Amino acid sequence: MEEIVLRAKVILSALFNIEEVHFEKHTSRNCDVISARGYLIFFLRNDIGMTYNQILNYIPALTNHATIMHNFKRMSSLLDVENDTKLKYLNFKNRMIDNKMYVIETEIMKKVKERNIINLELNKLKKLL
C-alpha cells in the first residue's frame with residue numbers, strides 16, 4: 001500500500017506542479033496543494049477503499065478525519081459537475097493504472113472485501129442454526 005500512495009503523491013505533485021512535501025506536515029493553503037490533496041483523498045477512499053483514519057496516516061498535513069471527509073465529499077461533487085476536474089482525475093488515474101502493482105493490489109483488495117462480506121453472511125447463517 002505504501003508504494004501505491006507514494007506513486008500517487010509523485011504523480012499528483014507533477015500534475016499540480018507542487019512539491020511532495022505538501023502531502024506531509026505542510027499546511028499550505030495554496031489552491032494547487034489543496035486540489036492535489038483532494039485528488040489523493042478521493043483516490044485512496046473511492047478507488048483503494050481506505051478508511052478516513054487510514055488516509056490520515058498517509059497525509060499527515062491533514063489534522064483529522066473530518067477534514068478528509070469534507071475533502072472527499074467536495075471532490076465527489078466537483079467530479080460530478082466539472083469536466084476539467086474529471087478529466088484531470090482520469091488522467092491521474094490512468095497514470096496510476098499504468099503501474100501493474102496497482103492493478104494487482106486493487107484486485108486483492110476487492111477479493112478481501114468479498115471475503116469479508118461472505119464471512120459476515122456465514123456468521124449470520126450460523127446464528128440461525
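Summary of values
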read-out	value
GluC sites (Glu not before Pro) within region 1-70: DSSP coil, no more than 16 neighbouring Cβ in 10 Å	E19, E24
Protein accessible area in the chain, 1.4 Å probe - carbon and sulfur %	55
GNM result for the chain, Cα springs below 10 Å: residue of I97, I34, I118 fluctuating most strongly	I118
Anisotropy class of region 14-87 from Cα gyration tensor, a/c 1.5 cut	oblate
Structure-based [θ]222 nm, the chain - -39500 (n - 2.57) summed over DSSP H runs of at least 4, per residue, nearest 500	-24500 deg cm²/dmol
Simple label model, 7 Å out from Cα along Cβ direction - A61 to N91, nm	1.9
Gain upon complete extension [I118, T51; 0.36 nm per residue less C-alpha separation]	22.1 nm
Residues listed by number, region 41-79, amide nitrogen under 19 Å from I34 label point at 7 Å toward C-beta	41-43, 59-79
Restraint check, K25/K73; K93/K126; K73/K113, Cα-Cα greater than 32 Å	K93/K126
Neighbour count of at most 15 Cβ within 10 Å plus DSSP loop: longest trypsin sites (Lys or Arg not before Pro)-free window in the chain	30-129
Pairwise FRET efficiency - E24 versus K110, Cβ, R0 = 22 Å, nearest 0.05	0.15
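The values are calculated or read from the model by the stated rules, or taken from the named source; none is laboratory data. Just so we're clear, the structure is a prediction, and the values are computed from it rather than from any experiment. Because the Cβ atoms are built from the backbone with ideal geometry, glycine has one as well, and the counts that use them run over all protein chains shown. When the accessible area is computed, the model is the full protein with side chains, heavy atoms only, and any ligands, DNA or RNA have been set aside. Shrake-Rupley method; radii C 1.70, N 1.55, O 1.52, S 1.80 Å.
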